[in-house]
Amino acid sequence: MDGASTGDGSGAGLILISPEGIELTYAMRLEFPSTNNEAEYKALLAGLRMAAKLEVQYIRAHVDSLLVANQVKGDYEAKDPKMVEYLKMAQELLQGFQKAEVIHISRGLTKNSDALSKLAHVAFDHLAKNVKVETIK
């Protein structure tokens, strides 16, 4: 999963991959001001919610935000009020899985979800025809 925030807008993208290799692709256009880390949390939360709806028992979430990964793992403290709320929501969702891991990976390994997050706010009309895109206000 990946989130992106630019002067033009923000977006988040994620790809859920089953053990059999089946992929579910999802993109969100965020229509409110957000930082990169807030967009990263939105992607993480959306992925966890989708996995919970699919009754997933074990999840490994790859995020390229070191801050988000370390806050979720408890290595970093969340101080900003928004980050505190996002962290609480993530922790609550993670408790619903038998086993859950949030792993920090380098930005180069999230190319597909990175592209989704950027396209969600740049090419929204085109994406909505081919990929499930949600607008969050």
The simple spin-label model distance between I17 and M89, using points 7 Å out along Cα→Cβ, in nm, is 2.6 nm
Scoring only Lys, Arg, Asp and Glu (+1, +1, -1, -1) among other residues with Cβ under 12 Å from the Cβ of L94 yields +3
HN-Hα couplings for region 20-32 via Karplus (6.51, -1.76, 1.60; θ = phi - 60°), in whole Hz with x for Gly/Pro, come out as 7, x, 6, 10, 10, 9, 8, 9, 10, 9, 9, 9, 8
Surrounding charge for Y58, neighbours by C-beta under 14 angstrom, Lys/Arg +1, Asp/Glu -1, total -1
Highest mean packing first, using Cβ neighbours within 10 angstrom, the peptides 26-33, 94-101 sort as 26-33, 94-101
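Just so you know, all these numbers are worked out from the coordinates, no wet-lab data involved. All of these numbers come straight from a predicted model, not from anything done at the bench. All Cβ positions, even for glycine, are placed from backbone atoms using ideal geometry, and neighbour counts span all protein chains on display.
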